[in-house]
Each structure stands twice: as structure tokens, then as C-alpha cells.
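The structure appears below as C-alpha cells.
The values are calculated or read from the model by the stated rules, or taken from the named source; none is laboratory data. In this text the structure is predicted, and so the values were computed from the model without any measurement. No Cβ is skipped: glycine too gets one built from the backbone with ideal geometry, and neighbour counts run over all protein chains shown.
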Amino acid sequence: MNKPINKTHAWKKLASHYRWHKNDEMKDLFAKDKTRSSKYTINLGNLYLDYSKNKINEKTIRYLLDLTKEVKLKEKIEAMFSGAKINQTENRSVLHVALRNRSNTPIYVDGQDIMPDINGVLNKIKKFTEAVRFGDFRGATGKKLTNIVNIGIGGSDLGPFMATAALKEYWAKDMKCYFISNIDGSACEDVFAEVDPETTLFVVVSKTFTTIETLTNAHTCRKWLVDALGEPAVAKHFVAVSTNAEEVSKFGINTDNMFEFWNFVGGRYSMWSAVGLSIALMIGMDNFEKMLDGAHEMDMHFKNTDFEHNIPVILALLGVWYNNFFGYREQGIIPYDQDLRFLPKYLQQLDMESNGKSVDLNNNFIKYETGPILFGGAGTDVQHSFFQLLHQGTKIVPLDLIVPAISHNEIGEHHEILIANALAQGEALMRGKTVKEAAEELTKAGKSKEEVNRLKKYKSFAGNRPTNTIIIRKVDPYMLGMLVAMYEHKVFVQGIIWNINSFDQMGVELGKQMALSILPELQGHAHIEHDSSTGNLIAIIKKIRK
Ligand code: F6P
């Protein structure tokens, strides 16, 4: 792209369209057009996106679709799927889609079809997970391995962490899983308090196998195991998932017990690879493959569907509309499902590590907004925490409400109450309540005129706050695969529009570097000049720790 996106014709048209329509009320748009909901609902199998509760009309969508032409989105999608090195700062292909390429068409990286390697690792995962689950691969003392401890951080933790929780209904009945990510020693101690070394399998996951948190935690776990069962037990209780065989070997894990993945898989896009080993151990390979199948269906939809009916593209365009024109800087993700409660945390890394960038692909500092601040939590819990601000605060936060139609636990009225709440939030945020309506309601409730006047503004809701509602049949492996792939592609499209590289994460490096220089100071081995605040904080902490 030659021009920055905010200088293009499509962008300017959107800017002027925004000026004309920024005060449009969604409730009026609904009143004017009875077909609005069907016009703005798309589905892929049992995943439905209703995006009618957005500040859009037909022209908005047309102009947003013009942006996709401006940035040559079609060609960029083709480029990703065909293995082009679109991660240009690291000169890498971006091929999480190859990990779930269930149609098995060849995909080439540097002239080499990568599918045989991918299928080879999937077979290795299948054999290993079955051996553990059926008790053929046992611990050093002959006991079945029933506690899986995933040691990893960021993309090497969040995918398995989120997906095992989401799919807990599919766990082998005699197995449990635990996660150690934080360098805080309590993370290890909490797990040690729960598990027995004889029945515990540690899965050390690190793309680079150099991440200080993961290696420190892995060494602590190794010592705990060796203290209990002796050095030879390591081979039966530790496996690794990494791209770095040399470091895995140095750690003392036999590379036969290493599950490989590749540099064309970014950490936050990696749960479809061997990084998902803990998921496969817990839910079984058949279910893990169903998750890949669901993601593949979404991949094909994304690649082959015209953009007007393309779920990830529409989500991405709506995000750009709010982020860059309305100036809404946040995006909320609210799954109305207990098992999906960690999805926002997972998507936080996916979105914010991918699109939290301020230099474009032409090597220029950017003068428009890029990735949003993403947060969220499970409904209805969050209705009783941050929803007050969403309804009456001065900030407007577009939300995705994710609603499974069927629960794994249909007890009494629970699920209907849950769904009723999800739908009510979308309606309330859109419709609001005028001061007049609030006054009428108060009067009807028998309040005095004085009281009505005192309370009516407090009881009013501005409304006109956008939501997407995403309905899925049920949280099963297939639907989870679809859902996560949908968000991956949404993030991809936004990265293309903002002309950034969504696949590196150089912003995490400076803090890591500085921590490495502060560490010897805390330990009293060095003294480095800092700003006076940091220097003083080091001194205070050293004094307290003495
Ligand atoms: O903190 C950045 C990061 O590189 C993430 O992108 C990654 O998911 C995480 O650290 C863990 O990295 P690794 O898998 O190499 O240990």
C-alpha cells in the first residue's frame, strides 16, 4: 500500500459518513427497518453472528468493504494461506492455518511441503496421549500419570489454559490438569500442594526454550520431582514442546520426549500445534482433532467467502469503525458461559500482542489508532462488576456477547436465566432508557413528584451502545475451534487494515532486558545507574528483604 490508510479515499469517505451518522440512534434504525436483524445476521453452521445492534447502515458496510479493497485484503489472505513470509520483521511465514489444514492440501515454506511434518507431529501426539491416557506410558514407579502440569507462559500457557477449562466436560474422568505460568514461586507451590510426584506429568512448553519464567519454573518442578523420585524419574515425568531441540536437551529432557513445532507458528497462535499437548491429554486426540476441524471450517469460510458475508471480516471492520472513527478504544468480550470464562484472557494476548503496534509495514510511525484494549469476563458475573460503567459511564465499549444455546449442565432454569441475561444486556445497551421514561416509571411506582425529579436522571440510560451477539450451539471442541479461529482472523484483518505486522511482539523485549539487569542488583552483585525512582525502589526492597 502506498498511502497510509487514513489518507485513502475509502477512509475519507468513512470519515465524512461518520460525521453525518455519528448521532444516529440504533433504536430508530430498528424502527425504520423491520428486516434489520436478518440483514445483519450471518452464520457458519451453528455459529451465528448478529451484528444488527451496531451504529451502521448499508452505506457504512459498503464503505468499510471499500477499505478491504484499498488494502488488497483478498490477496493478503491468499498470501498467508500460501505460506508467504508475511511476518516481515522476522522474515517468517504465518501458518497456524496449516496446523489445522484438515483437507491436507500441500503448503510450502521455502519450497518444502510442511504438511508431512505437521501430520507427523499430530501422529506423535496421538500415540503419546493415548499411551498416557490408557496407562501404557507410566510414571517411574509404575503408576498411571493422571496429573498433567503445563509449564509455560503467554502463548505457551493461555491456549491450553483456556481450552482445557472450556472443554472440561470432555476430560478423561481420572485426569486433572494444572498450569504454572507466573514466575511467582507460589504458582509452583500451589500445584505441589495438589499433586503427587508419582502420578504427575510435567509438560514444559516454550517455543524458544529460553523464557526465564518457564525455565525457572521447570527447574523448580524438576528439583521437586528429583527430590521425591530420583534423577532417572525425569525421563518418565517430563516432556517438552518446543522449536529448540538443543535447549530442550540441555535442560535434560530426552528429545524423543520432545514435541516439535515451527517458527511459522506464533506463540499466541499455537494451541493447534503440539502446544496443545495438555489439551489433547485431557480431552483425547479425537476431540482435539474436532477442535482442529472446527478451526479449519472457519479458515475455509474466511478464505473463500465474499467479505460482506465473512464473519471475521465483518467483526474486524466493525472494530475499525469504532476504534478509528468513533474513538472507542476498548473492546469487551463477554462469554455467557462459565467454561469460557478464560476466553477474554486468551483473546487479550491474541489481540493486544498482535495489534498493539505503532510502526507500519513501511517502517513509519503511525498516526492513527491501532489495536484496542481488550478485556472481559463471564456473564452474568461481570454484570455485577464492570457493567455499571458500560451502561452509564462516559466511555462507550463495544461488546461481543457470546451465547451458547445449549449448556452442558441444563439444571432447572439456570441456562434460560443465563441466556435471558445475555439478550437483555444487548437490548438494554442498545435501547437505553430516556429521562422521560425513567420519570414515568418512577411515577408509576408511586414516587412523589419531588422524588421523581431527584431520581429520574440517575435512573436513565443513554443507550445506543453497540454489541455483537455470537450464538453458538454448545461449547464443544468443534465450536471452540471455530470461535478461536474466528477471532484470529478478525485480528489478522485489522492488522492488514492498519498496515502493521500482527505477528511479532518486540514490545515485550525492553522490560525483559531491564529485568535481567535489575536482578543482579537485587541480589547484591552489581550496581547500575537508574532513574532516581527505580534506584530508590531497589534500595527500599533490599532493605525490607534483609
Ligand atoms: O512475552 C512474549 C512471548 O514471546 C509471547 O509471545 C510468547 O507466547 C511467550 O512470550 C512465551 O514464549 P516461549 O513460548 O518462547 O516461552
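Some points to look at:
- Number of residues in region 398-422 that are under 30 Å from residue 316 (Cβ atoms) and surrounded by fewer than 15 Cβ atoms within 10 Å (Cβ to Cβ): the value is 3.
- Considering only residues in region 1-58 that are among the aromatic types (Phe, Trp, Tyr) and over 31 Å from the mean Cα position of the chain (by Cα), the one that is nearest to residue 69 (Cα to Cα) turns out to be 20.
- Verdict on residue 313 being part of a helix (DSSP H, G or I), touching a helix residue (DSSP H, G or I) at 6+ places or on another chain (Cβ under 7 Å), within 16 Å of the ligand (Cβ to nearest atom) and within 28 Å of residue 501 (Cβ to Cβ): no
- Selection of first residues in region 1-18 that are small (Gly, Ala, Ser) and of second residues that are at pLDDT 95 or above, restricted to Cβ pairs under 8 Å at least 6 apart or on distinct chains, gives the following pairs, ordered by first then second residue: 10/63; 10/66; 10/67; 10/69; 10/70; 15/325.
- Of all the listed residues (235, 240), the sole one being assigned to a helix (DSSP H, G or I) and either buried (at least 22 other Cβ atoms within 10 Å of the Cβ) or more than 10 Å from the ligand (Cβ to nearest atom) (or both) is 235.
- Test: residue in region 176-194 that is in contact with a Lys or Arg (Cβ under 8 Å, 6 or more places away or on another chain), within 21 Å of residue 130 (Cα to Cα) and more than 16 Å from the ligand (Cβ to nearest atom): no
- Extreme residue, farthest from the ligand (Cβ to nearest atom), among residues of region 217-232 that are small (Gly, Ala, Ser) and assigned to a helix (DSSP H, G or I): 228
- Screening residue 480 with (1) within 16 Å of the ligand (Cβ to nearest atom); (2) assigned by TED's automatic domain parsing to the domain that holds residue 315 gives one miss only, at (1).
- Residues located in region 133-155, provided they are away from the ligand (no atom under 16 Å from the Cβ), in a helix (DSSP H, G or I) and touching a helix residue (DSSP H, G or I) at 6+ places or on another chain (Cβ under 6 Å): none
- Those residues of region 424-470 which are part of a loop (DSSP other than H, G, I, E, B), touching a residue at least 24 places away in the same chain (Cβ under 8 Å) and of a type in the set (Lys, Arg), in sequence order: 459, 465
- Residue within region 134-148 that is at negative phi, within 25 Å of the chain's Cα centre (by Cα) and either modelled with pLDDT of 95 or more or of a type outside the set (Val, Ile, Thr) (or both) present: yes
- Per the conditions (1) in contact with a strand residue (DSSP E or B) (Cβ under 8 Å, 6 or more places away or on another chain); (2) crowded, with 22+ Cβ neighbours inside 10 Å; (3) not in a loop (DSSP other than H, G, I, E, B), the sole criterion not satisfied by residue 475 is (3).
- Check on residue 436, basic (Lys, Arg) and within 16 Å of the ligand (Cβ to nearest atom): no
- Among residues of region 243-279 being out of contact with any Asp or Glu (no Cβ under 9 Å at 6 or more places or on another chain) and acidic (Asp, Glu), the one that is nearest to the ligand (Cβ to nearest atom) is 247.
- Of all residues making up region 341-384, the number that are farther than 27 Å from residue 496 by Cβ and of a type outside the set (Gly, Ala, Ser): 7
- Only one of 537, 516 that is more than 21 Å from the chain's Cα centre (by Cα) and within 16 Å of the ligand (Cβ to nearest atom): 516
- Among the residues making up region 507-529, those that are in a loop (DSSP other than H, G, I, E, B) and touching a helix residue (DSSP H, G or I) at 6+ places or on another chain (Cβ under 7 Å) are 526, 527, 528.
- Within region 175-211, tally of residues that are hydrophobic (A, V, I, L, M, F, W, C) and part of a helix (DSSP H, G or I): 4
- In region 247-273, the residue that is farthest from residue 172 (Cα to Cα) out of those that are free of Cβ contacts under 8 Å to residues at least 24 places away in the same chain and assigned to a helix (DSSP H, G or I) is 250.
- Any hit, region 164-174, residues being part of a helix (DSSP H, G or I) and among the hydroxyl-bearing types (Ser, Thr, Tyr): yes
- Residue 214, sole failed condition from (1) β-branched (Val, Ile, Thr); (2) touching a strand residue (DSSP E or B) at 6+ places or on another chain (Cβ under 7 Å); (3) away from the ligand (no atom under 12 Å from the Cβ); (4) assigned to a helix (DSSP H, G or I): (3)
- Those residues of region 378-394 which are surrounded by 11 or more Cβ atoms within 10 Å (Cβ to Cβ) and either touching a residue at least 24 places away in the same chain (Cβ under 8 Å) or in a helix (DSSP H, G or I) (or both), in sequence order: 378, 379, 380, 381, 382, 383, 387, 389, 390, 391, 392
- Residue among 328, 322, 346 that alone is in contact with a helix residue (DSSP H, G or I) (Cβ under 6 Å, 6 or more places away or on another chain) and either surrounded by fewer than 24 Cβ atoms within 10 Å (Cβ to Cβ) or not assigned by TED's automatic domain parsing to the domain that holds residue 388 (or both): 328
- Subset of region 274-309 [assigned to a helix (DSSP H, G or I) and closer than 16 Å to residue 73 by Cβ]: 299, 301, 302, 303, 304, 307, 308, 309
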